[in-house]
Every structure is written in structure tokens, then in C-alpha cells.
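Notes for the one structure printed next.
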Amino acid sequence: MLKYCKIFLLYCVVLCYLGQINGYNIDLKTARNDIEKLKTYLKTKDIEDSGDTENSGVFSNVLDDWKEEGEKKLLLSQIVPIYLKMLESMKDSDVKDSITNLKQMLHTSNKDYLEKTDKKIKSLNELKKMQVSDIKFQRAAIKELLRILRDVSTLQDSPKKESKKCKRENVRRRRGC
């Protein structure tokens, strides 16, 4: 029995270690400490600033507007590379370790979780470039129009179905079912 417990514990340790290598575990405590070091460092820099972006967030307003998981994933797939570029441009030996740690966390998150979403956004941008006046495009698009309308109608119907379900659940709760 003790042998199996040791094997199980070893298995758990290996899984945790692999998770950290693959970027699935972001150490928020380390990230918070590194971010505090960067904040302190940036406050000591002698740079003229307008004060607008320091008090208001750069990405907070947009993140607050995008509520669903898929929307947030799309947005984060665009924000994380911006942070990577920003950290890459910061090359000071005083905070080099903090920058390296944060870049590693962002890079693994981007690669493991957000990279596929970024490819989807690129394909969306390609849709905007399509030649809608081309007759071949028009023929192909009309063939797919019914499917598009079905998809849109299911999106429109889903909140109604959810609200009916919520109403039923509320009635059941009141009745004690």
C-alpha cells in the first residue's frame, strides 16, 4: 500500500513539473513580485509623461467590454504579443530577471493557449480583403448564405432559450423542487 502511495505522489510531482514546463501553470505570486519591481523601476525613470495612461488602464476598458470566454481569448491573443514586444524593448540590467520571468510566462501562454486564436484573427482579416464584386466570389458566397443565416439565427435564439430555462429553474426553486 505504501508503495502505491509513493508511486502516486511521484506521478503527481511529475505532472506538476510538466505543467510548469508547458506553461499551464503561471506563478501569479512570482508575476506579482516581478511586476512590482518593474513598476518601481519605471517610477524612478526620468521620463516626461502626460499621466493619462498611468492612471487609466491601456487594456482594461476593452477587457471589461469583452465578457465571454471566446471573446476574451481573441482579445488576449492580440494583447499578449504587445506585452512581449514591450518587455523585449526594456533592456535594463536592474530588472532583467523580472523581465525574463514575465516574458517566459507570456510566451508560453501565448504559444500554448493563444496562438491558434491569433491565426483565427488573421483569417478574419483575410475575409475583409475579399473581392466582393467578383462574380466567382458572389456565386460561392450565395451557395453558403443559407448556412450563414442558420448560424446567425441560432445565435439569436440561444439567449431566449437560456432565459426560458432560467425562468423554469426559478419556478422550480420557489416550489422547492
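Between rounded, prolate and oblate, where does segment 91-139 land on the alpha carbon gyration tensor, with a ≥ b ≥ c its root eigenvalues, rounded for a/c under 1.5, else prolate if a/b exceeds b/c? It is prolate, given that a/c is not under 1.5 and a/b is the larger ratio. Go through Lys43/Lys128; Lys43/Lys116; Lys67/Lys128; Lys67/Lys143; Lys96/Lys129 and tell me which ones have a Cα-Cα distance over 30 Å in this structure. Result: Lys43/Lys128; Lys43/Lys116; Lys67/Lys143; Lys96/Lys129 exceed 30 Å.
Here the extension length gained between Lys72 and Ser133 equals 18.6 nm, from 0.36 nm per residue of separation less the Cα-Cα distance. Of the trypsin sites (Lys or Arg not before Pro) found in segment 63-141, those in coil by DSSP whose Cβ has at most 14 other Cβ atoms within 10 Å are Lys67, Lys91, Lys129.
Every read-out reported here was derived from the displayed coordinates using simple, explicitly stated rules and does not represent laboratory data. Because the structure is a prediction, the values reported are computed rather than measured. Positions of Cβ are backbone-derived with ideal geometry, glycine not excepted, and every protein chain shown enters the neighbour counts.
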